[in-house]
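Undergrad: One structure, pasted below without further comment.
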Amino acid sequence: MAEHAHHHQPYPDDMWVFPRRETAAQDLVSRTIAPISRYRIALIITGVLLALGVVGFIARAATDGFDDHAPWGYYMAVFSFLFMITGAAPLVAVGFRFTKSHWRRPLSRISELFAVLGVLNVLMFIPLLMVLPPLKNPEVVGHQLEIRRSIWFGGPIGSPYWWDMLGVVGLAVLGMAILWLSAMPDLAGAKLTATGFRRKLYGLLAGRWYGSKRQWNIQKAGLAMLGAFYFMFLLFVQFIVASEFGMALVPGWKDSIFPPLYTIVSFQSSLATILLVLFILRKWGGYEQYIGVSPFWSASKILFALTMLWTYHLWAFFITFWYGRLQVEQNILKYFLFESYGWVFFVNVVFSFFTPFFILLWNPVRKKAWGAPLAACFILVGTLAFNIRIFVGAFNAGHTFDHFLETVPPPAWPDLWDIFMVGGFIGGAVFIYLLAARVFPILSVWEIKEGALYQKMENFMHGRYMVLAKPE
Amino acid sequence: MPKLPVLGLFQDANNAADAGDALRQAGISDKDYDFLTDAPYPEGAFGERVEHHRLYIFPFIGAVLGLTSGVLLTSMTQMAYPLVQGGKPILSLPPMAIICYEGTMLGAILFTILGIMFESRLPSPKLGLYDTRITDGYIGVLVQCDEAQLGRVSGILTQAGAVDVKRQAAAAATA
Amino acid sequence: MQEGRALTPTQINRDLLRPILEQPKWFWPAVFVLSLIVLVGVSVAGYMINRGLGVTGLNRPVAWAFMITNFVFWIGISHAGVMLSAILRLAKAEWRRPATRAAEVLTIFALSTALTMPIMHTGRPWRAIYWLFPYDFARGVWPSVRSPLVWDPSAIMTYLTSSTLFVLIALVPDIAVLRDHTTGVAHRIYSLLSLGWQGNARQWKFQVVAGVLLSALILPVFVSVHSIVSWDFGMSVTVKAWHSTTFAPYFVIGAVHSGVSAVVFVMIILRQIYGWQDYIRKEHIDALGRLLIVVATAWFYFLCMEIIFGIYGREADELAMREMQFLQYPWNVLMIIFAGITYFLPVALWLPRTFRRNLWIMSFACISVNVGMWLERYLIIVPGLARKQVFTFTWQTYMPSWVELTLVLSTFGLVSLLLLLFSRVFPLIPLYDIKEGEFLRTSVQVGRRTVPATIRED
C-alpha cells in the first residue's frame, strides 16, 4: 500500500516493547532460576567487598569503641547513603502504580526488591544507636545545655533509642510486606516450574494464591494501603534519621527544611539507582524484549524535576542562613558548604545538580535509554558526597551540648577503615540485592502481562500511534 | 506564474488524508497543500509533511538576554547607589541571583512567545481562502496550484470525497 | 477513566460558546452586584489613603496584618493555574482538558488582585514606585536588590506577564472559532484578535509545542513566586518564627493546596451556571479530589516541620510566639479551627469516592480549605509580629478595623467580577483541547470488557 510508506512515527522503534503474554511468565522465571555468568562474577566481587566492609567495621570498633560518635562519621554516611536509596526505592513502584502509569511496569519489581535491604539497614543501624549521645547532658560544663536540642525534647520514655529502632525496623517490615504481596502471584507461578528447595520456598511464600478475582482485588487494595502507609512511615523515619543523626548533633543548627531536603535527595538517588539497574538489565542482562526506552524517557522527566527540586530546597536553606547572618548561621554555612567541607560540597552540587541538569535538559538525550542512567551515575556520586558532608560533618561538629557552633570545626578525613566500610557496605548492599534477585523474578511478571492487555500500537488515520487503555 | 488557492472541505478526516495522498500521487508537492482543522491532530495523521523549525533556539537566546539584563541591572544599580544594609556586601550575589533568575525566565518566556508567533507565521494579515465550517469540524485541504491545474486539483478533491470545493473567486465574493 | 458521551465539534462549539453568544439572563444583575462590592472596596481604599493607615487596626509591632494576609492568600490562589495546566499538561493527564484555562485565568486575576494589596498597604501607593522600579536616572537613587521586597515584584511581574501571554497564545485558536461564529462588530474584533489563524498543520504544531514548552518554562517561575513571597517573611531575623528555612516549599505547597481547591470550586460553579455537565464531569472533580489528598498531605508534612523545628530551637522569643498561637485565646481556638478545616475535615471528605463525586460536598471541602488557608497566613503573620522581640519593647495584639474587613471582602468580589466578565467574552474551557480529547478517545477490547483508551503521540 502506498500510504504505508508515509506512516509517521514520532518515536524510535525500541521506544515501546510488547512482550508476549504467553511466554513472558515461563521466560522470566527460568531466567531467575538459571542466571547468566555475569551474575556470578558480580556476586563474587560484591561478596569480597562486603567482607572488607565487615573487616573495616570490626577494626573501627576495636580501635575506637562505641563511647564517642565522632569516629563513626563515615559509617553513618554510608548507612545514610544506603538507607536513603533503599528506603525510598519501593516508593517508586508504589507511586507510579498509584498514578497508573503503564511505563512503570518493568521497573516496579526492581524497586520493590530494594525492600530486602531493610535487613541491612536494621543491622547497620544498631551500632549507630549505641554511639548516639544521650539527651541529658551528663556533666554541664560552662554555659552548656542541660538537655540537648532534639526532636524528642527530652520527651517520651525510651526516646530516642526505642523509637528510632522502631522506625527503621517498621519500615523494613512494611517494605518487605509490599514486596511479598506484590510478588505473590509471580511466586505462585514460579512454583510450577521450580524444583527441590526452591519449589518449597516458593510454595511457602506464595501461600494459597491461585489468582481468583477476589484475591486480585485484595492484592490490589492491599498494595495501595500498604503503599500509603509506607509513604507516611518513610517520611517519618527519614525525618528521624536526618534530624537525630544530623541536625541534632550540630550545636545550634536549627533547620526546618533539612528533613524535606533529605527526603528529596533520597527520592532523587533511589530513582537514579532504579534506572541504573533497569539499564544494566536491558544492556547486559538480556532483558531487551521486556524493557523498552519508554520507562527511561518517562522517568527521566521525573528525575529532572527531582534534580531541580533538590537545588531548590538547598537554595531555600542557603538563602535563609545567608540572609540571617547570625553567627551560628554563618558558621554552619562555612562548615558544610564553603570551608571545611567545601570540596565535598562542590562535588555534591556538580554531581547532584549541574551534570544531571545539563544531561537531562535535552529531549533527544532523554529519549535515549542511556540518558537518564548516565545522569544517574553522577547523581549517585553526588548523593554520597551529600551524605559525607552532612553526616561526617555532624558527627565531628564538636560538643553536642554547646548552645551554638561558635567556631568552624576542621573537616574529618577518612582513614583506611572508613574507606573499607564505605566501599564494603555499598558492595554488600549490591550483594544482598543480587541474592534477592535469585529468589524473586526481577521483572514483575503479572504487571508485564497485565500491561500487554492495555498497550497497543494502532493505526489512526495515516499515522501509527500508541494506544494506552486505563481500565478505571 | 503565481499559484492560486483551492480549498476542499471534507466532513471525514480520513477522506481528507486520502485527498492528500491523491494530490501527492498527482505530482503536487507536499509544500503546496495543507490541512486546516479545528483541533490539533496527532502529527502525521494526515500523512502531511514534517514541519521543520528552530523554536528551541528562541528560549535560549531569551534566557541569555534576560540573564545579561538581570546581571547588569542588579550590579550597576547597586554600584551606582552603594548603601550597605545588614552588613551585606554591595554586590551580594545571592540576592542578585534571584533577580537574575527572574530576568532569565522572563527573557526565555518572552522569546518563546515571539518564537511561537514567528514559527506559526502569526499574525498573518490576510486569512486567505477559508471557510467557517472548518471550526465546526470540517477538514479543509488547501492546495496552491497553477491556474492550469485548478480543474484537475478540484477534481481530485471532489473525488476524494470533498463536500465542497472553493476557489479564490468564490472566496472573494463571500468575504 | 473516561466517562460521558461522545461530543461532535458543532456541539462543543455550541455548548462552550453559549455564554458568549447568548447572554445569560442573570448576567447584568450579577455584574451589578459584584461591581457594587468592588466599588465599595475602591471607596474604602480611597478613604484609607485619604485618612492614612490609622483607620486600620495596624499597630506596633503588628504592622502587617489583614492586607498582607490577603496578599499572600491571593498569590496562593494564583498558583492553581500553573500547577494544574502545566503539571497536568506535562504529565499528559487526559482529565486536565476542561480545567486548564479556568485555572490559568484565575491565576491572572488572583495575581492582579494580590498586587493591589501591598501597594495599598504602603499607605501612599504612589510612592511604591520609588522602592520597586529602577527608574530614577536623574538622581541616581536605585532600589535595593538586597531586599526581598524588591525580589517580590520582580517575581510577580514575571509570573503575571508569562501567564497572561500563555493564556493569550492558547486563546488564539478559540478566538478564531468565535470569529467564525459572530457577525458585525464582534466579528471584527475577534477577527483582529485571532491574528489570522487558519488552523493549518504548522500552526497547530506550534500551538501544541507552545503548551508544553511554556508549561516547562513557567513551572520554575511559579515555584519562585511563592518562595519569594515566603522570603518576604523568612529573611527577617527579628521575627524568629518567620526565619525558618522551610518557608519557601511550605508556602508553595500551601498555595497549591488552596489554589487547586479554588479551581475545583470555580469548575463546579461553571458546570452549574453554564450547564457544562458534559465537559466538567464528575470524573474530573473526582480526579482533582484525589490529587488534593496528596497535595494536602504534603502540605501538612511541611506544616509539621515548620512547627516542630520552631519549638526545637527552644529560643525564648519563638517559644513566646508559639505559646500565643497554641495556648492563648482567641489564637488557640483559631489554630484548632485552622488545622481542622484545612486538613482533617477536607481530607476526610475527599477519601470516599462517593463524596468526591458529590458536588455539594466537594464545594464545601474546597471552600473550607480556602478559609483555612486564609487563616493560616493570618496565624503566621499576626502572632509572629505580636511576639516579635528584638528591638521591640512591647507585646501587642491585633483586631482588624472595618476598613480592612471591607477591603478584604471586596477583593473576592473583584476576582469574581473579572472571571464573570472574561467568561462573557472568551471561552473558559479550551474548545480545541476538548475536541482533540474527543478524537483521541478510543477503546481496547479485553475479553468482554471495553476499556477506554487514548491515542498518544508519545
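Undergrad: Every residue in the stretch C:302-358 that is within 13 Å of another protein chain (Cβ to nearest Cβ) and within 26 Å of the chain's Cα centre (by Cα), please.
TA: Of everything in the stretch C:302-358, those that are within 13 Å of another protein chain (Cβ to nearest Cβ) and within 26 Å of the chain's Cα centre (by Cα) turn out to be C:Phe302, C:Leu303, C:Cys304, C:Met305, C:Glu306, C:Ile307, C:Val347, C:Leu351, C:Arg353.
Undergrad: Also: So which of C:Phe412, C:Phe364, C:Phe355 is touching a Leu at 6+ places or on another chain (Cβ under 6 Å), more than 30 Å from A:Asp14 (Cβ to Cβ) and either at pLDDT 95 or above or basic (Lys, Arg) (or both)?
TA: C:Phe355
Undergrad: Another one. Does C:Ala365 meet the test of being surrounded by 15 or more Cβ atoms within 10 Å (Cβ to Cβ), part of a helix (DSSP H, G or I) and of a type outside the set (S, T, N, Q)? Lay out the reasoning, then the answer.
TA: On the way: surrounded by 15 or more Cβ atoms within 10 Å (Cβ to Cβ): yes; part of a helix (DSSP H, G or I): yes; of a type outside the set (S, T, N, Q): yes.
Judged against the criteria, C:Ala365 is a match.
Undergrad: Hey, among C:Leu21, C:Leu34, C:Leu7, which residue is of a type in the set (A, V, I, L, M, F, W, C) and more than 14 Å from chain B (Cβ to nearest Cβ)? Reasoning before the result, please.
TA: Details: C:Leu21 fails: more than 14 Å from chain B (Cβ to nearest Cβ); C:Leu7 fails: more than 14 Å from chain B (Cβ to nearest Cβ).
Step by step, each of C:Leu21, C:Leu34, C:Leu7 is checked, and only C:Leu34 is of a type in the set (A, V, I, L, M, F, W, C) and more than 14 Å from chain B (Cβ to nearest Cβ).
Undergrad: Among the listed residues A:Ser182, A:Ser243, which satisfies the condition of being under 19 Å from A:Phe79 (Cα atoms), more than 16 Å from the chain's Cα centre (by Cα) and among the polar types (S, T, N, Q)? Outline the logic, then answer.
TA: On the way: A:Ser182 fails: under 19 Å from A:Phe79 (Cα atoms).
Exactly one residue qualifies, and that residue is A:Ser243.
Undergrad: Within the stretch A:418-464, which residues are facing chain C (nearest Cβ under 10 Å), touching a residue at least 12 places away in the same chain (Cβ under 8 Å) and buried (at least 19 other Cβ atoms within 10 Å of the Cβ)?
TA: A:Gln455, A:Gly463
Undergrad: Considering (1) within 14 Å of chain C (Cβ to nearest Cβ); (2) of a type outside the set (Asp, Glu); (3) in contact with a Pro (Cβ under 7 Å, 6 or more places away or on another chain), say which one A:Phe304 fails and leave the rest.
TA: The one condition A:Phe304 does not meet is (3).
Undergrad: Listed residues A:Trp103, A:Trp180, A:Trp163; which is among the aromatic types (Phe, Trp, Tyr), closer than 18 Å to A:Leu226 by Cα and assigned to a helix (DSSP H, G or I)?
TA: It is A:Trp180.
Undergrad: Considering only the stretch A:374-394, how many residues are in contact with a Leu (Cβ under 8 Å, 6 or more places away or on another chain), buried (at least 23 other Cβ atoms within 10 Å of the Cβ) and more than 21 Å from A:Phe321 (Cα to Cα)?
TA: Initial filter on the stretch A:374-394 (in contact with a Leu (Cβ under 8 Å, 6 or more places away or on another chain)): A:375-377, A:379-380, A:394.
Within this subset, residues satisfying the condition of being buried (at least 23 other Cβ atoms within 10 Å of the Cβ) are A:375-376, A:379, A:394.
Among the residues that remain, those that are also more than 21 Å from A:Phe321 (Cα to Cα) are: A:375-376, A:379.
So the answer is 3.
Undergrad: So, C:Val390, is that one free of Cβ contacts under 8 Å to residues at least 40 places away in the same chain and not in a helix (DSSP H, G or I) or not?
TA: Here the answer is no, as C:Val390 does not meet what is asked.
Undergrad: So, one more: Answer yes or no: is there a residue in the stretch A:82-92 that is modelled with pLDDT of 95 or more, farther than 30 Å from C:Lys92 by Cα and assigned to a helix (DSSP H, G or I).
TA: Looking through the stretch A:82-92, at least one residue is modelled with pLDDT of 95 or more, farther than 30 Å from C:Lys92 by Cα and assigned to a helix (DSSP H, G or I).
Undergrad: Does B:Tyr33 fit the bill of being within 14 Å of chain A (Cβ to nearest Cβ), crowded, with 18+ Cβ neighbours inside 10 Å and over 30 Å from C:Thr238 (Cβ atoms)? If you could, list the steps in order and put the result at the bottom.
TA: Working: within 14 Å of chain A (Cβ to nearest Cβ): yes; crowded, with 18+ Cβ neighbours inside 10 Å: yes; over 30 Å from C:Thr238 (Cβ atoms): yes.
Considered against the rule, which asks whether it is within 14 Å of chain A (Cβ to nearest Cβ), crowded, with 18+ Cβ neighbours inside 10 Å and over 30 Å from C:Thr238 (Cβ atoms), B:Tyr33 comes out as yes.
Undergrad: In addition: Could you look through the stretch B:91-123, keep only residues that are touching a Lys or Arg at 6+ places or on another chain (Cβ under 9 Å) and either within 7 Å of chain C (Cβ to nearest Cβ) or assigned to a loop (DSSP other than H, G, I, E, B) (or both), and pick out the one that is nearest to B:Ile57 (Cα to Cα)?
TA: The extreme case among them is B:Glu119.
Undergrad: Quick check on my filter: what residues within the stretch B:1-32 are within 27 Å of A:Met466 (Cα to Cα) and touching a residue at least 40 places away in the same chain (Cβ under 8 Å)?
TA: Residues satisfying the conditions are B:Phe10, B:Gln11, B:Asp12, B:Ala13, B:Asn15, B:Ala16, B:Asp18, B:Ala19, B:Gly20, B:Ala22.
Undergrad: Check C:Ser215, C:Ser162, C:Ser227, C:Ser258 and return the single one that is hydroxyl-bearing (Ser, Thr, Tyr), more than 30 Å from C:Leu359 (Cα to Cα) and either surrounded by fewer than 19 Cβ atoms within 10 Å (Cβ to Cβ) or out of contact with any Pro (no Cβ under 8 Å at 6 or more places or on another chain) (or both).
TA: C:Ser162
Undergrad: I'd like the residue in the stretch C:298-339 that is over 24 Å from A:Phe239 (Cα atoms) and β-branched (Val, Ile, Thr) and, out of all such residues, is surrounded by the most Cβ atoms within 10 Å (Cβ to Cβ).
TA: The residue in question is C:Ile337.
Undergrad: Here's another thing I want to ask about it. Which condition number does A:Glu112 fail, the rest of (1) in contact (Cβ under 8 Å) with a residue 40 or more places away in the chain; (2) surrounded by fewer than 21 Cβ atoms within 10 Å (Cβ to Cβ); (3) of a type in the set (Asp, Glu) being met?
TA: That leaves (2) as the condition not met.
Undergrad: Can you tell which of B:Gly62, B:Gly70, B:Gly66, B:Gly47 is part of a loop (DSSP other than H, G, I, E, B) and either closer than 23 Å to C:Ala216 by Cα or within 14 Å of chain A (Cβ to nearest Cβ) (or both)?
TA: B:Gly47
Undergrad: For the stretch C:192-226, which residues satisfy the criterion of being more than 7 Å from chain B (Cβ to nearest Cβ), part of a helix (DSSP H, G or I) and without any contact (Cβ under 8 Å) to a residue 40 or more places away in the chain?
TA: Those that are more than 7 Å from chain B (Cβ to nearest Cβ), part of a helix (DSSP H, G or I) and without any contact (Cβ under 8 Å) to a residue 40 or more places away in the chain: C:Leu192, C:Leu193, C:Val223.
Yes or no, residue by residue, for (1) modelled with pLDDT of 90 or more; (2) within 25 Å of B:Thr104 (Cα to Cα); (3) assigned to a loop (DSSP other than H, G, I, E, B):
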{"site": "C:Leu111", "(1), (2), (3)": "yes, yes, no"}
{"site": "C:Ile119", "(1), (2), (3)": "yes, no, no"}
{"site": "C:Ile129", "(1), (2), (3)": "no, yes, no"}
{"site": "C:Pro134", "(1), (2), (3)": "no, yes, yes"}
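Undergrad: Scanning for something assigned to a helix (DSSP H, G or I), buried (at least 24 other Cβ atoms within 10 Å of the Cβ) and more than 10 Å from chain A (Cβ to nearest Cβ), does the stretch C:267-283 turn up at least one residue?
TA: yes
Undergrad: I'm trying to understand the selection: among the residues of the stretch C:400-451, which are within 14 Å of chain B (Cβ to nearest Cβ) and within 18 Å of the chain's Cα centre (by Cα)?
TA: Filtering the stretch C:400-451 down to residues within 14 Å of chain B (Cβ to nearest Cβ) leaves C:427, C:429-442.
C:Ile429, the sole residue that qualifies.
Undergrad: Sticking with this structure for a sec: Look through A:Pro251, A:Pro185 and report the one residue that is buried (at least 21 other Cβ atoms within 10 Å of the Cβ) and not in a helix (DSSP H, G or I).
TA: Working: A:Pro185 fails: not in a helix (DSSP H, G or I).
Result of the check over A:Pro251, A:Pro185: A:Pro251.
Undergrad: Would you pick out the residues in the stretch A:62-93 that are surrounded by fewer than 24 Cβ atoms within 10 Å (Cβ to Cβ) and of a type in the set (Val, Ile, Thr)?
TA: A:Thr63
Undergrad: Answer yes or no as to whether C:Ala155 is assigned to a helix (DSSP H, G or I), more than 29 Å from C:Trp64 (Cβ to Cβ), of a type in the set (Gly, Ala, Ser) and within 12 Å of another protein chain (Cβ to nearest Cβ). Even if it seems obvious, please write down each step before you answer.
TA: Working: assigned to a helix (DSSP H, G or I): yes; more than 29 Å from C:Trp64 (Cβ to Cβ): no; of a type in the set (Gly, Ala, Ser): yes; within 12 Å of another protein chain (Cβ to nearest Cβ): yes.
No, not satisfied.
Undergrad: Considering every residue within the stretch B:74-87, establish whether at least one is in contact with a helix residue (DSSP H, G or I) (Cβ under 9 Å, 6 or more places away or on another chain), at the interface with chain C (Cβ under 8 Å from one of its Cβ atoms), without any contact (Cβ under 8 Å) to a residue 60 or more places away in the chain and of a type outside the set (Ser, Thr, Tyr).
TA: Looking for residues that are in contact with a helix residue (DSSP H, G or I) (Cβ under 9 Å, 6 or more places away or on another chain), at the interface with chain C (Cβ under 8 Å from one of its Cβ atoms), without any contact (Cβ under 8 Å) to a residue 60 or more places away in the chain and of a type outside the set (Ser, Thr, Tyr), one finds at least one in the stretch B:74-87, hence yes.
The values are calculated or read from the model by the stated rules, or taken from the named source; none is laboratory data. Everything quoted here is computed from the prediction, not taken from an experiment. Cβ atoms come from the backbone with ideal geometry, glycine included; neighbour counts cover every protein chain shown.
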